[in-house]
Each structure stands twice: as structure tokens, then as C-alpha cells.
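Visitor: So that we are looking at the same thing, I have put the structure below in C-alpha cells.
The values are calculated or read from the model by the stated rules, or taken from the named source; none is laboratory data. The shown structure was predicted, so the numbers you read here are calculated from the model rather than taken from an experiment. Ideal geometry is used to build each Cβ from the backbone, glycine not excepted, and the neighbour counts take in all protein chains shown. What goes into the accessible areas is simple: the full protein's heavy atoms, side chains included, and nothing from ligands, DNA or RNA. Shrake-Rupley method; radii C 1.70, N 1.55, O 1.52, S 1.80 Å.
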Amino acid sequence: MNTLSINNLSLTYKNGFQAIKDISLEIGNGMFGLLGPNGAGKSSLMKTIVGLQKPSSGTLFFNEVNIAENPGYIKQNLGFLPQDFGVYPKVSAYDLLEHIAVLKGITDKTKGKTQILNLLEKVNLSDFRNKEVHTFSGGMKQRFGVAQALLGDPKIIIVDEPTAGLDPEERNRFNALLNDISQEVIVILSTHLVEDVRNLCSEMAVMNHGQILRKGNPGQLMAALENRIWSKPIDKNDLETYDASYEIISRQLIERELHITVFSEESPKDFSPVTPLLEHVYFHTLTQKP
Ligand SMILES: Nc1ncnc2c1ncn2[C@@H]1O[C@H](COP(=O)(O)OP(=O)(O)OP(=O)(O)O)[C@@H](O)[C@H]1O
Ligand SMILES: [Mg+2]
């Protein structure tokens, strides 16, 4: 079992902006989903975990090793797929993986070769191994990103919005791949796609304004909203009135009729009960003021 302990972590950027505010999380093997809107601080947190930036305060332990005191330990065991992979050089997929393998300390050429060929197979890029990476489609680039993250058998894999820009088929394939590898390692997935977290993650946290607002098992978080989610079709001219009296967590046009979904402890008059979805957990959490 691997463990990542994040204790009272804070990060203030040079311009004085505090992107992470006193975050504490315990993460074990399996897939952990970090959900939050644009600017919530997800990438800031991930970059801090992988050691690309130093926290202003707080501690990080990977398998009980203090990351600040021994940064080499997590680096040797880490696979990271950043949100912006940056510029893709004009070299073939195989050659780029070989180069990254060396950077990751895989010095045995034969072992490196076997591993690279296996990974290319796993991410469905074997046929394209001699093609230059900058000519790849978005989905192929993401799969290549996973292959490089998996080099060296990492114990902790961090992927930052990996499915953004992928078509549904590529997204499913990508998610299946992550799911496959997450059995014996930690996979932290940052996304704003609630559906991906519901389908893949056993633990999750909702982040906004640099803080963790809610954490737990997706099923349990949904169960906690049982008998608290209600829906009603309304006249769109009445929206303001409803907005003033209810916590509206979503609005949806269904056959050109406006339906509102609200959070309420009591049964509101003329509303129908709704089975809670993870989307309700997410939007209800985001309505909380920091
Ligand atoms: N280097 C930096 N210097 C100053 N502020 C920064 C820096 N990087 C990010 N920020 C700010 O920190 C906040 C969090 O940004 P971050 O990229 O971590 O959010 P995010 O949750 O990953 O968003 P997205 O979903 O859009 O990727 C934002 O307000 C952003 O403008
Ligand atoms: Mg981000």
C-alpha cells in the first residue's frame, strides 16, 4: 500500500496570491478524483505534490518519507502528466520515450527498450512508434503522455485534466487505461468532469478557492444528499423569485421547459424528490462560501 499525506499545505505565489489554503488529505492506492472549477487551485496543488514548486508551509509525506527532506524518493516513484505538456519535439514517439527513460534513471538499454515497447502497446501507439510526436492528434498525445508517465513503474501517478479535449471514445479508452493501472498504485486525477470521477474514483475531494470543501467516497457523498434534492419545472420569468428562496444547484432546459434542482432539508411545496447525483454533490458544495 502506498500513502500520500498532505498536511496543512499552503502555497502563496510570488505575486502574493494564495492558491492553496491549509489543505490536508490522506490518499492511498486507487483512483483519487480532485474536482474543482477553473482556477480552483488543482494544478497548483498537483505541481506542489510533484515538487515543481515549494509549499509556503505544511508538509508532504510519500510512504512516510518527508518530500522536502528527501525529494529524490517521490521523484523516482512518480509519473506526472501535466495539464500543459508543452512543446512536442520533432522526434519519434519511441525516441522521446527512450530519452525520458534515461532522465528517469532507467540506464539499462535492454530493459528500457522492453518497457517502452510494452507501454506503447498498452496505450495503443505501437503502430505509430516511429512517427514524430508533434504530428499526433490530441488523443494520441494524451496517450503518449500516459506512456511517459508510466515509465519506470511509478507508485504514484498524477494526471492533470487528462481528458480535456478528447472525443468520447478516446476519453473512455483513456479512462479504462487509468482504471487498469490504478489497482496497486496511487492515481490522482484532476478534472472538472464530475462523470469521470463518479465512474472511476473510490475517493474524491471538491476544491475551490484553494480549499478542500468536501472529501470522501462518491457513493457516500451522494447518499448524504438523500431526501435533500428536489426538482420542479418553472416559468423562466419566476427564476429570480425561486433563486431568492431556494438554493438552486442546477437549471436545465428539458424540451424547452426550465427545470430547477434545489437543495433543501425540508420537502419544498410542489417539488418532486430527485435521486442525488454526484453532480448535485459538486454544485451543492460549490455554493458554499469560502
Ligand atoms: N505562477 C502563478 N503565479 C500567480 N498566480 C498563479 C500562478 N499559477 C496559478 N495562479 C493562480 O492560482 C489560481 C489557481 O490556479 P490553478 O492553475 O492551480 O487552478 P486550476 O484549478 O488548475 O484551474 P484549471 O481548471 O483552469 O486548470 C488561479 O487564480 C491562478 O490565476
Ligand atoms: Mg489546472
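Visitor: Just how far, in whole angstrom, is region 58-103 from region 182-200 if you go by their alpha carbon centroids?
Guide: Computed from Cα coordinates, the inter-centre distance equals 19 Å.
Visitor: Starting from the Cα of Glu69, step 7 Å along the direction of its Cβ; do the same at Gln183; then give the gap between the two resulting points in nm.
Guide: A separation of 3.5 nm, rounded to one decimal place.
Visitor: Residues in region 118-144, backbone N under 18 Å from the label point at Leu52 (7 Å along the Cα-to-beta-carbon vector): list them, ranges by number please.
Guide: The answer is 141-144, whose backbone nitrogens lie closer than 18 Å to the label point.
Visitor: How much length, in nm to one decimal, is gained on full extension between Lys90 and Asn172, taken as 0.36 nm per residue of separation minus their Cα-Cα distance?
Guide: The span from Lys90 to Asn172 would gain 26.7 nm if fully extended.
Visitor: So, in nm, how far is label Thr287 from label His192 when the simple model puts each one 7 Å beyond its Cα toward the Cβ?
Guide: My value for the distance between the label points is 2.0 nm.
Visitor: Give Lys104/Lys141; Lys42/Lys236; Lys75/Lys131; Lys21/Lys236; Lys141/Lys215 a once-over and call out the pairs whose C-alpha atoms are over 27 Å from each other.
Guide: Lys42/Lys236; Lys75/Lys131; Lys21/Lys236; Lys141/Lys215
Visitor: Of the residues Gly39, Gly79, Gly30, which exhibits the maximal mean-square fluctuation in a Gaussian network model of the chain defined by a 10 Å Cα contact cut-off?
Guide: Checking each option, the largest mean-square fluctuation is seen for Gly39.
Visitor: Next question, about the same structure. Count neighbours as other Cβ atoms within 10 Å of each site's Cβ, and list the GluC sites (Glu not before Pro) in region 27-100 that are DSSP loop with at most 10 such neighbours.
Guide: Here the GluC sites (Glu not before Pro) that fit, given the DSSP loop and packing criteria, are Glu64, Glu69.
Visitor: Over region 223-286, with every protein chain in place, what whole percent of the accessible area is carbon and sulfur at 1.4 Å, could you tell me?
Guide: Reported share for carbon and sulfur atoms: 45 percent.
Visitor: Once you've got the GNM for the chain with C-alpha springs shorter than 10 Å, pick whichever of Gly145, Gly105, Gly210 has the biggest mean-square fluctuation.
Guide: Highest fluctuation among the options: Gly105.
Visitor: Related question: Could you report region 3-216's accessible area per residue, 1.4 Å probe, as an integer in Å²?
Guide: Counting only protein heavy atoms, the per-residue value for region 3-216 is 48 Å².
Visitor: Count the DSSP beta bridges whose two residues both fall in the chain, then state the antiparallel fraction as a percent rounded to the nearest 5.
Guide: 65 percent
Visitor: How high is the relative contact order of region 3-216? Use alpha-carbon pairs under 8 Å, at least six apart in sequence, and give a whole percent.
Guide: Once divided by the residue count of region 3-216, the mean separation gives 32 percent.
Visitor: Would you mind computing, in nm to one decimal, how far apart the modelled labels at Asp270 and Tyr13 are, each placed 7 Å from Cα along Cα→Cβ?
Guide: 4.7 nm
Visitor: Can you figure out the FRET efficiency of Thr135 with His99, using R₀ = 25 Å and their beta-carbon distance, to the nearest 0.05?
Guide: It comes to 0.90.
Visitor: Sorting check: for 155-168, 187-200, 115-128, 259-272, which peptide has the highest mean count of neighbouring beta carbons within 10 Å, and how do the rest follow?
Guide: The peptides rank, most packed first, as 187-200, 155-168, 115-128, 259-272.
Visitor: Please report the relative contact order for region 223-286, taking Cα pairs under 8 Å with a sequence separation of at least 6, and give it as a percent rounded to a whole number.
Guide: It rounds to 45 percent for region 223-286.
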